[in-house]
Amino acid sequence: MPAAEDTRRRAPHLPPDERRAALIAATRDALLEYGTVPTTKQIAQHAGVAEGTIFRVFESKDALLDAVMAESFAPDDLLDAIDAIDPALPLRERLYRFTELIQQRFQRIFGLMDALGIVSPPHTRTDDARRKAREGGPALLRRLRGVIGDDADQLAVDPEEAIHLLRLLTFSGSHPHISEGAVLTPQRIVDVLLDGISARPALSVDRTAP
């Protein structure tokens with residue numbers, strides 16, 4: 001078999017920023033596919049480039065891996081996807097979509113951390129990455145408040161508590177070890193949050209009583 005048929009098709013020439021983004025995406029995909037740190041040859045195959053191309057963009061393999069993690073924690077794409085949720089959908093459907101997006105992000109990060117053998121999120125190493133990390137949390141909370149929107153009166157708790165509970169349940173229900181392999185679907189997470197697990201509705205509590 002010709003050597004060309006035994007490798008991935010070569011990628012077209014790209015501007016530096018696009019080549020950098022393509023290498024980061026290819027490395028991320030390779031990490032998730034292999035479940036361990038891939039070789040530069042495997043990364044090059046995923047990206048459709050020669051190995052030498054990697055080191056014309058990144059000074060080292062470690063620098064490339066750092067860039068993958070920084071990109072994975074950057075909130076920009078997630079926030080854009082949340083903004084695209086249709087506000088005309090019922091509250092439950094909006095929360096399904098929001099939880100699906102958050103779960104995908106969690107699971108991607110869990111997979112990358114497992115492949116890299118790290119147990120806690122790495123510190124970001126550039127000013128821009130640190131800024132995005134600081135701004136990402138509050139921005140995500142604002143988006144979720146927007147997803148709830150005018151339907152907050154459908155909840156038995158205030159939106160901030162609902163947000164806290166949803167994030168906790170999504171994190172734990174999406175983690176393969178915490179969930180003992182029984183990862184919850186976004187629908188299950190939202191249904192448990194909105195409906196609980198009681199067979200009968202609980203009696204309402206007068207919160208104004210002493």
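Quick notes on this structure:
- Taking other C-beta atoms within 10 Å as the exposure proxy, Ser172, Ser198 rank Ser198, Ser172 from fewest upward.
- Subtracting the Cα-Cα distance of Leu89 and Phe55 from 0.36 nm times their residue separation leaves 7.5 nm of extension gain.
- Paramagnetic reach from Thr40 (point 7 Å along Cα→Cβ, amide N under 12 Å) across the range 49-67: 50-64
- Cα coordinate range in the range 136-187, projected on the principal axes (Å, largest first): 36, 26, 15
- Estimated FRET transfer efficiency when R0 is 41 angstrom, pair Ile178-Ala63 (beta carbons, to 0.05): 0.85
- FRET efficiency, 1/(1 + (r/R0)^6) with R0 22 Å, evaluated for Ala21 and Gln107 via beta carbons: 0.55
Bear in mind these aren't lab numbers, they're just calculated from the coordinates by the rules spelled out. Note that the structure is predicted; figures quoted are calculated from it, not measured. When we count neighbours, we look across all protein chains shown, and the Cβ atoms used for this are built from the backbone with ideal geometry, even at glycine.
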